[in-house]
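Heads up, the thing below is written out as structure tokens.
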Amino acid sequence: MNSSSASISTKTGGNPKWQRFTAAERTARYMVYLVVLAAFFASLRTVEIIPEFLYDAPEQLADMFTRMWPMDFASYPTTIHGAMLDTLHIATLGTLLSLLLAIPLALLNARNIVQSLWLNWIAKFFLVSSRSVNSLIWALLFVAIFGPGVLAGVLAVALRSVGFVGKLFSEALEEVNMGTVEALKATGASPASVLLKAYWPQAKPAFYSVVLFRWDINVRESAVLGLVGAGGIGVVLNDAMNLFQWPKVAMALTAIFVVVLLIELLVVNVRKRLI
Amino acid sequence: MAAIKTHANPFKPSLGSRLLWLGVLVYLIYAVVTLDIGWDRFILGLEQGGRLVDRLFPPNFNRWEILLSDLIESLQIAIIASVFGIVISLFVGLMAARNLMPNIISIPVRVFIALCRTFHPVIIAILFVKAVGFGALAGILTLIVASVGFIAKLFAEAIEEISFKQVEAIRATGASFASTILFGVLPQVFSRFIGFSIYQLDSNLRNSTMVGIVGAGGLGGTLFAAFQRFDYDFVTAILLTIIALILVGEALSNLVRRIFQ
């Protein structure tokens with residue numbers, strides 16, 4: 001915590017008493033605690049919950065797991081494998097497609113590259129609006145436009161990723177050491193050369209690690225996009241659930257679990273080498 | 001005049017990154033060919049998109065009672081889940097820290113945290129909807145799991161980075177285990193814990209508008225239903241509400257962050 005906020009009050013007769021925070025800071029903190037607690041109890045009292053359902057939950061969960069076991073291994077080669085590959089394609093294509101928009105927006109958003117506040121703000125607006133809409137909602141929109149299928153999933157993943165990759169890449173660009181940039185400019189290098197030979201080499205590790213990180217997130221997200229019809233393993237999961245084929249649901253969930261773990265291992269290892 | 005001595009190019013093209021980009025290109029062609037993504041479909045979609053935008057505007061706030069009650073339910077889900085999630089994460093995070101706990105406790109707790117993190121909230125929501133039925137309760141349980149997965153992991157990592165001198169000093173006075181935690185560990189990590197909690201509260205607010213898609217309460221259910229009924233002007237109204245909710249949440253969390261800095 002901030003040491004500058006320490007204050008010494010001399011109220012206790014000559015013996016200075018050390019206090020960590022000023023009175024105003026303490027009041028503000030207690031106000032926050034109070035508001036959170038008030039909101040919590042107000043929500044608890046008004047929320048529509050049927051407590052009997054909660055007591056019943058362990059039984060229902062046990063019932064679900066007994067229905068799930070044994071898993072439907074036979075469905076893996078016929079349906080789940082192909083759908084899982086589709087999911088990976090959605091995540092990868094979406095990440096690559098998002099770069100097309102994310103890189104220009106990141107450049108426009110970086111204050112040390114584009115010195116126009118207007119352009120900075122416009123880029124920031126697009127980045128923020130891309131980030132504040134959840135990828136499932138993007139998927140709903142694109143399913144309405146392009147119909148159910150992989151295309152809607154790819155576009156949903158791409159538009160959601162633009163904000164994430166663009167923001168983090170532009171932060172990396174803003175942290176670049178300007179000495180190199182000035183040195184190159186002094187030689188009369190063109191803007192393209194300055195970008196490629198001064199900014200890019202310094203921001204490159206951050207760029208690759210951001211893209212890999214987003215790809216990891218996208219694999220997790222594209223697994224559920226199918227629930228709204230945007231292709232991949234989620235469609236299989238949704239169909240199996242609607243038909244109460246619990247063994248198949250269990251197989252699909254296990255497949256997602258294993259793939260997510262493998263991707264995470266891969267990404268952690270690659271990032272270690274990059275940085 | 002002698003010919004100018006040519007220097008080797010200082011910016012050597014790197015073979016590795018060229019191969020990487022070549023690989024990306026080959027993959028792109030392969031994926032577009034094998035998947036069902038046609039250019040004509042895209043063009044067709046653009047026309048359809050134009051019609052959709054026509055029907056999205058103007059937003060229709062006629063059914064604001066439904067909108068308001070769903071909004072309140074989303075808020076309730078986010079607040080209750082965050083408070084429970086934060087309290088649980090405090091203990092789970094302490095138990096997962098390898099410098100405070102023996103392996104026999106920390107390893108199972110770390111596995112538990114990893115399990116909470118692996119699945120997307122929507123998938124957890126599906127399981128809870130089966131367990132406790134449709135409604136806000138499933139959403140609350142889902143977001144509690146998501147909060148524990150995030151806060152407890154980062155909190156445990158923060159505890160592992162603390163300076164152990166203060167802990168040893170307090171232990172040397174003969175303090176009990178609880179006092180060691182309260183006066184040696186927590187003061188060092190509390191501000192970071194608050195930071196993670198605020199971030200998670202914000203993210204719970206976003207997710208509480210989404211878990212409804214699988215029936216776990218909040219705005220998402222109404223949004224999904226409006227989409228399925230092609231009720232697009234109501235969709236716009238719901239989307240605008242969600243965006244406003246997120247913006248207000250972000251402003252509030254920035255305020256709290258400034259208070260606790």
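The values are calculated or read from the model by the stated rules, or taken from the named source; none is laboratory data. All values reported here derive from a predicted model rather than from experimental measurement. Cβ: placed from backbone, ideal geometry, glycine included. Neighbour counts: every protein chain shown.
Checking B:M95 against (1) more than 14 Å from chain A (Cβ to nearest Cβ); (2) outside any helix (DSSP H, G or I); (3) crowded, with 16+ Cβ neighbours inside 10 Å, which single condition isn't satisfied?
Just one mismatch for B:M95, condition (2).
Going by what's in this entry, would B:A172 be described as without any contact (Cβ under 8 Å) to a residue 12 or more places away in the chain and out of contact with any helix residue (DSSP H, G or I) (no Cβ under 8 Å at 6 or more places or on another chain)?
yes
To keep it simple, each residue is scored yes or no on (1) at pLDDT 80 or above; (2) not β-branched (V, I, T).
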{"residue": "B:V32", "(1), (2)": "no, no"}
{"residue": "B:D40", "(1), (2)": "no, yes"}
{"residue": "B:I43", "(1), (2)": "no, no"}
{"residue": "B:L46", "(1), (2)": "no, yes"}
{"residue": "B:V53", "(1), (2)": "no, no"}
{"residue": "B:L68", "(1), (2)": "yes, yes"}
{"residue": "B:S82", "(1), (2)": "yes, yes"}
{"residue": "B:V87", "(1), (2)": "yes, no"}
{"residue": "B:M95", "(1), (2)": "yes, yes"}
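Please state which of the following conditions B:L68 fails to meet, knowing it meets all the rest: (1) in a helix (DSSP H, G or I); (2) surrounded by 15 or more Cβ atoms within 10 Å (Cβ to Cβ); (3) away from chain A (no Cβ under 11 Å).
Of (1) in a helix (DSSP H, G or I); (2) surrounded by 15 or more Cβ atoms within 10 Å (Cβ to Cβ); (3) away from chain A (no Cβ under 11 Å), only one is false for B:L68: (2).
Wholly within the stretch B:143-261, which helices (runs of 4 or more DSSP H) include no fewer than the required count, namely at least 2 residues that are buried (at least 22 other Cβ atoms within 10 Å of the Cβ)?
Correct list: B:153-160, B:186-208, B:219-228, B:232-259.
If the requirement is being at pLDDT 90 or above, within 14 Å of chain B (Cβ to nearest Cβ) and either crowded, with 20+ Cβ neighbours inside 10 Å or out of contact with any His (no Cβ under 6 Å at 6 or more places or on another chain) (or both), which of these qualifies: A:L96, A:L141, A:L136?
A:L96
Out of everything in the stretch B:1-20 that is exposed (fewer than 10 other Cβ atoms within 10 Å of the Cβ) and of a type in the set (A, V, I, L, M), what residue ends up being modelled with the highest pLDDT?
B:L15
Please go through the stretch B:29-65 and give me each residue that is among the charged types (D, E, K, R) and free of Cβ contacts under 8 Å to residues at least 24 places away in the same chain, ordered by number.
Those that are among the charged types (D, E, K, R) and free of Cβ contacts under 8 Å to residues at least 24 places away in the same chain: B:D36, B:D40, B:R41, B:E47, B:R51, B:D54, B:E65.
Pairs needed: first member in the stretch B:250-261, within 10 Å of chain A (Cβ to nearest Cβ); second member anywhere, among the acidic types (D, E); C-beta distance under 7 Å; at least 6 residues apart or different chains.
Once the first residue is within 10 Å of chain A (Cβ to nearest Cβ) and sits in the stretch B:250-261, its partners that are among the acidic types (D, E) give B:E250/B:D202.
So which of A:A152, A:A102, A:A83, A:A110 is among the aliphatic types (A, V, I, L, M), assigned by TED's automatic domain parsing to the domain that holds A:V219 and modelled with pLDDT of 90 or more?
Only one candidate passes the filter, namely A:A102.
So if I check each of A:V211, A:V154, which one is surrounded by fewer than 22 Cβ atoms within 10 Å (Cβ to Cβ), of a type in the set (A, V, I, L, M, F, W, C), under 30 Å from B:T34 (Cα atoms) and within 21 Å of the chain's Cα centre (by Cα)?
So the residue among A:V211, A:V154 that is surrounded by fewer than 22 Cβ atoms within 10 Å (Cβ to Cβ), of a type in the set (A, V, I, L, M, F, W, C), under 30 Å from B:T34 (Cα atoms) and within 21 Å of the chain's Cα centre (by Cα) is A:V211.
Quickly run through the stretch A:162-218 and pick out the residues that are of a type in the set (V, I, T), closer than 22 Å to A:I263 by Cα and touching a residue at least 60 places away in the same chain (Cβ under 8 Å).
A:V162, A:V165, A:V211, listed by residue number.
Starting from residues that are among the aliphatic types (A, V, I, L, M) and touching a residue at least 60 places away in the same chain (Cβ under 8 Å), keep the ones in the stretch B:175-197 and report whichever is nearest to B:F84 (Cα to Cα).
B:I194
One line per residue, one yes/no per condition, for (1) more than 10 Å from every other protein chain (Cβ to nearest Cβ); (2) within 21 Å of A:L253 (Cα to Cα); (3) of a type in the set (A, V, I, L, M, F, W, C):
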residue	(1), (2), (3)
A:A28	no, no, yes
A:M31	no, no, yes
A:A42	no, no, yes
A:T46	no, no, no
A:L54	no, no, yes
A:Q60	no, yes, no
A:T66	yes, yes, no
A:D72	yes, yes, no
A:S75	yes, yes, no
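Any residue at all in the stretch A:236-247 that is outside any helix (DSSP H, G or I), closer than 25 Å to B:T222 by Cβ and touching an Asp or Glu at 6+ places or on another chain (Cβ under 8 Å)?
No, the stretch A:236-247 contains no residue that is outside any helix (DSSP H, G or I), closer than 25 Å to B:T222 by Cβ and touching an Asp or Glu at 6+ places or on another chain (Cβ under 8 Å).
Being within 9 Å of chain A (Cβ to nearest Cβ) and without any contact (Cβ under 8 Å) to a residue 40 or more places away in the chain is true for just one of B:A131, B:A136. Which residue is that?
From the options B:A131, B:A136, the qualifying one is B:A131.
Within the stretch A:65-120, which residues are among the hydroxyl-bearing types (S, T, Y) and within 17 Å of A:L212 (Cα to Cα)?
A:T87, A:T92, A:T95, A:S98
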